[in-house]
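The values are calculated or read from the model by the stated rules, or taken from the named source; none is laboratory data. Predicted model, so just to flag it, every value in this text is computed and none were measured. So basically every Cβ, Gly included, is an ideal-geometry build from the backbone, and we count neighbours across all protein chains shown. Note: accessible area is taken over every heavy atom of the protein model, side chains too, but ligands, DNA and RNA are not part of it. Shrake-Rupley method; radii C 1.70, N 1.55, O 1.52, S 1.80 Å.
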Amino acid sequence: MKTIFLVTIALSLGVLAQAQDPAKPGKLPLTITVFSESVSMPNFRNFFKHPNLGIRIGTELYYSRTENRHLLQTVNLGYYYHKDLQNGFYITSEFGYRRFFNNTFVDLTAGLGYLLIDSALPRYKKTGNDYQPIGSTFGRIMPTLGLGAGYKFKTLSVFSRYELFGEMPFGYKGVPVLPHKALHVGTRFNLK
Amino acid sequence: MKPRIILIFSLLLAVACSNEVIVPVPPMQEDISYETHPKNQLYETALRDYRNATNSPGSVLLIHRPGEELWIGAVGKSNLAHNTSMNTNSQFRTGSVTKMFTAVVIMKLIEQGKFTLEDKLANILPTVNGKIPEADQITIRHLLGHLSGIIDPPNESLRYQADIINNPTDMYAMTLDETLETYVYGKALHFTPGTSYSYSNTNYWLLGKIAERTTNKTLQMLMEEIILTPLGLARTYIEKRDDRNVTRGYADLYNNGILMDVTLWDKAEGDGEADGGLISTAEDLYRFMNGLFHGELVTLATLEEMKKIQLPTCNTPYCEYGLGLEIWRTDAGIAYGHNGGLVGIEANVLYYEDTGGISVLYKNNGNGSDKSWLDSLMK
């Protein structure tokens, strides 16, 4: 899993290097969202019933940018607290397409990341004939898919974003991915 | 601005909420040794092999063969957090073994004239009318024998399974009516009632509801009256209780050999429910099977009805199911009983018709397992 983490970091740095913004050098947008997370099949249920809260901070760079559309790459750090299941820390990078309709926009992102899980469920490893407790943290690959919509003001944007992400490999009863969903609300603005 | 945000984020990570599930300390439990049994070595070796082969923290085996003294063995741990040894009196969740107990309650109520096997769900439980299709065609027999066609959320609904992982505390607190409303009502049947077989936990949820509604008693009270008190099963119950004395369940969720304590999920799925909520011991389950198959709980005529394959057109082992009884074709002959599984446990109870033997097998890892090795011990 350390390898996955290092590969994710390397890829993130790589895509940042590739996705330079020739139009506005030196301007680095900062994205901050808070979100409600659940383990769930894709749906819109129960975001607000006993929400598991998280925060995500990231930036994005652009492969191309016109008045009406952006092709972009994000890099994000996030954390969520899921009661009785896990704390999740993650780094992700997503490829995205954003379309503007005047000041309103929608975007679609897909990406991959590394999820560091701090499990709430005690873990045990077999040693000889016995089982010994082991540490609560372990890593997983984190595929993501997001659909967002927002409004651009003069100096910042506000938006909401529906995200599906997985932790894989999972494996119980042959299920390869444990699916999560998250509903984000956030803002994006430029850092000097 | 940027350093400030990084600082805030770093602080958040540093104070990330402590989330570990607290495992209560279990009380001491009395253990009985069967070391003087003539076949102790043989049985214990088989049990140890089973525990190792299934990557289970602990396992319990009971063997009763006519002409031989009862033998019970326990190996490994019942609670890894507190290094508690499994013992011959350890209480454990039994999963779908519960269905035999629920079926006995229903058959006893039928003997008492409360309703009949052919009574319709729509008449006996009018609240499901319009919510379960063809409720006016589904009979008590269809429910007991899994011939109703009603869907089975624990095995078919990814939403149900995800909800247990997502919030086991909420699932544990859900009433049966809420469960039915959320996962069952309004869903189409798999087939016309009575024409095919499809195992469904919902059938037993509804049977529990029927038993309670027609008697104005809880399922716990009914089990006490009909089964537990007559047979003296002091370590068996179905109601939700403090479970610190109950064996904990484990599962290899990530298929990497690491076991995780999934007791919260097992509680959420099973506790209190007529399909899989029974908590018992190996000896109590043996006494139940002995009582059932010797006519102490229901009449022998009722027992014969329970043993019959209910689907007339059944021609595969898959559909060989009676009224709350699985029918196993083993190398030791036909056996009646039930297997039970939750995420973190597996239980199996069988009565071997040819020999009159009874086996009870339990392990606290919820993966399925090969139990054919039991046949040679039970011949």
Report the dimensions of the stretch B:114-179 along its three principal axes from the alpha-carbon atoms, largest first, rounded to Å.
39, 21, 20
Sorting A:41, B:86 by accessible area (1.4 Å probe), largest first, what list results?
A:41, B:86
Check cross-link reach from residue B:217 to the lysines: straight Cα distance under 20 Å, and skip same-chain residues fewer than eight apart.
B:99, B:108, B:114, B:209, B:240
What Rg and what Dmax come out for the protein assembly as shown when only alpha-carbon atoms are used, in angstroms?
27.7, 91
Trypsin sites (Lys or Arg not before Pro) within the stretch A:119-178: DSSP coil, no more than 15 neighbouring Cβ in 10 Å
A:154
State, in square angstrom and to the nearest 100, the accessible area buried between chains B and A, both chains counted, probe radius 1.4 Å.
4000
Mean projected area in nm² (Cα convex hull; one quarter of hull surface) for the stretch B:266-320:
5.5
Residue B:159 and residue A:69 label points (each 7 Å along its Cα→Cβ direction) are spaced in nm at 3.6
Given N residues in the stretch B:197-263, what is Rg(Cα) / (2.2 N^0.38 Å)?
1.54
Quick one: Kirkwood hydrodynamic radius for the stretch B:100-215, alpha-carbon pairs, angstrom, one decimal?
14.5
Cα convex hull of the stretch A:124-191 - mean projected area over all directions, nm²
7.4
Using alpha carbons only, what's the Rg to Rh ratio of chain B with Rh from Kirkwood?
1.00
Reported to two decimal places, what Rg/Rh ratio describes chain A when computed on Cα atoms with Rh from the Kirkwood expression?
1.02
Buried by partner chains in the stretch A:156-171 (accessible area down by at least 40 Å² vs chain alone, 1.4 Å probe, heavy atoms, protein only) are A:170
For peptide A:115-122, compute the average count of partner chain beta-carbon atoms within 10 Å of each residue's beta-carbon.
6
Backbone N within the stretch B:172-215 under 20 Å of label point (7 Å from residue B:123 Cα along the Cβ vector)
B:193-195, B:206-215
Along Cα→Cβ, 7 Å out, is where each label goes; now give me the distance between the ones at residue B:31 and residue B:316 in nm to one decimal.
4.4
Please list, by residue number, every one of the GluC sites (Glu not before Pro) in the stretch B:285-332 that is coil in DSSP and has at most 13 other beta-carbon atoms within 10 Å.
B:296
List the GluC sites (Glu not before Pro) within the stretch A:27-131 that fall in a DSSP loop (any state other than H, G, I, E or B) and whose Cβ has at most 13 other Cβ atoms within 10 Å.
A:67
Spelling out what I want: for every residue of the stretch B:262-274, take phi, set θ = phi - 60°, compute 6.51 cos²θ - 1.76 cosθ + 1.60 (Karplus), and round to whole Hz; glycine and proline get x.
10, 4, 4, 6, 5, 4, 5, 7, x, 3, x, 9, 6
Roughly how big is chain B's charge dipole about its Cα centre, with Cβ charges of +1 (Lys, Arg) and -1 (Asp, Glu), in debye to the nearest 20?
620
In degrees rounded to 10, the 0-90 angle between helix A:2-18 Cα long axis and the longest Cα principal axis of chain A is 0
